[in-house]
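None of the figures in this text is laboratory data; all of them are computed from the coordinates on show. Here the structure is a predicted model, which is why all the values come from computation and not from measurement. Ideal geometry is used to build each Cβ from the backbone, glycine not excepted, and the neighbour counts take in all protein chains shown.
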Amino acid sequence: MKNIVFVVLSLMLCVASVHSADAVTIRVNINSATVAELQQLKGIGAKTAQAIVQYRNTHGAFKSVQDLQRVKGVGKKKLAHIEHELEVGEDKHEHEHKHEHEREHDDHEHEDD
């Protein structure tokens, strides 16, 4: 009897751990995501993903997830389905450029010493 209870409890733990793994949501940073990464979102195909990247390159970083509605191919309904998977973070490239500029500025200050 103890063996049966042990097996049942073990199976319940396995099912619970698999279920919790499915519940993990990976968020996509719309300010640094590539076309391929954006295409992983349900309802975002190659054309829309490219339009998002093009809009970002032309207009700069998105300030909110809602800004995606400015992109052709992303409307309220589509955004409502995926917004829980999105986040607005700093653009990797802008972040790197900002820190490079700060380092150059620091180097110039030390030259005066």
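Taking label points 7 Å from Cα along the Cα-to-Cβ direction, HIS59 and GLN39 give a separation of 2.4 nm.
Once R0 is set to 30 Å, what does the formula 1/(1 + (r/R0)^6) return for the Cβ-Cβ distance between ALA46 and GLU90, expressed as a FRET efficiency to the nearest 0.05? Between ALA46 and GLU90 the formula returns 0.75.
Couplings 3J(HN,Hα) of region 75-89, computed from phi: x, 4, 5, 4, 5, 4, 6, 10, 4, 5, 9, 10, 9, 10, x Hz, in residue order, whole Hz [Karplus 6.51 cos²θ - 1.76 cosθ + 1.60, θ = phi - 60°; x for Gly and Pro].
Here the Karplus relation 6.51 cos²θ - 1.76 cosθ + 1.60, evaluated at θ = phi - 60°, turns the backbone of region 39-47 into coupling constants of 5, 6, 7, 4, x, 9, x, 4, 5 Hz, with x for every Gly and Pro. Our coupling estimate for region 33-38, obtained by passing each phi through the Karplus curve with A = 6.51, B = -1.76, C = 1.60 and θ = phi - 60°, is 5, 7, 4, 4, 5, 5 Hz, Gly and Pro reported as x. Taking amide hydrogens as placed 1.01 Å from N in the peptide plane, the amide H of GLU87 sits under 5 Å from those of VAL28, ASN29, ILE30, each at least 5 positions away in sequence or on another chain.
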